[in-house]
């Protein structure tokens, strides 16, 4: 499905306190089944910023040194936040940044009070407004940011879809190619979302999107920002 030199890193969620099992190897196995080279990266837990990001950058460099030309990530919840940081945070070496990212029900903002426990683990109780801003994905987007695929559910009570909307708005404002799917039903931490109603479609949608990213050296996935599509609860 993808070019031989494309590799996807899977980042399970868990609020920066754990690695959720069903968001790890099962996701890598799904990617491998559809022809995408993939591996699970268990980033540092209970660690202050920038430790998880620095560890992720080391992993990206390792994969590039092993021959990967294009590196993406599929991240969930806190893992989605880390994938976003690895895509958007300024880096001295461009080889340390991701080329594309798929974020499932991600934590995107450290400036809201939702899912506060993850913020406390990553930034501490006394995090300054500036630190919270610098670790909020929507504030890091520039016109040079890589493409994003975002998905969420309207019923997510742990990380509300506001997080996805905030990032999507920033991507659109900066002309960054992106796709957004917000499904009406489903709680947090669905993973592959098997037997989860309409949300189960995210993997099919993501497969074709990831295939496009493998060919981005020939043509970007969108010449203009992709349309925002959402399904919201009645």
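Quick one: grab the alpha carbon gyration tensor of region 77-160, order the square roots of its eigenvalues as a ≥ b ≥ c, and give me rounded if a/c is under 1.5, else prolate or oblate depending on whether a/b is larger than b/c. It comes out oblate by the Cα gyration axes.
Ranked for footprinting exposure by Cβ neighbours inside 10 Å, fewest first, 152, 29 give 29, 152.
Which distance in Å, rounded to a whole number, links the C-alpha centroids of region 134-163 and region 101-119? Each part's Cα centre sits 8 Å from the other's.
Listing 23, 155, 144, 113 from fewest to most neighbouring C-beta atoms within 10 Å gives 113, 144, 155, 23. Using the Stokes-Einstein relation with a Kirkwood hydrodynamic radius computed over Cα pairs, the translational diffusion coefficient of the chain at 25 °C and a viscosity of 0.890 mPa s comes to 142 µm²/s.
Remark: relative contact order (the chain) = 19 percent; criterion is Cα-Cα distance under 8 angstrom and separation of 6 or more residues. When each of 33, 134 is scored by the number of other beta-carbon atoms lying within 10 Å, the sequence from fewest to most is 33, 134. Multiplying the residue separation of residue 62 and residue 200 by 0.36 nm and subtracting their alpha-carbon distance yields 46.4 nm.
Read-outs throughout are calculated quantities, based only on the coordinates presented, and are distinct from any laboratory measurement. Since we're looking at a predicted model, the values are computed, not measured. Reconstructed Cβ throughout: ideal geometry from the backbone, glycine too, with neighbour counts over all protein chains shown.
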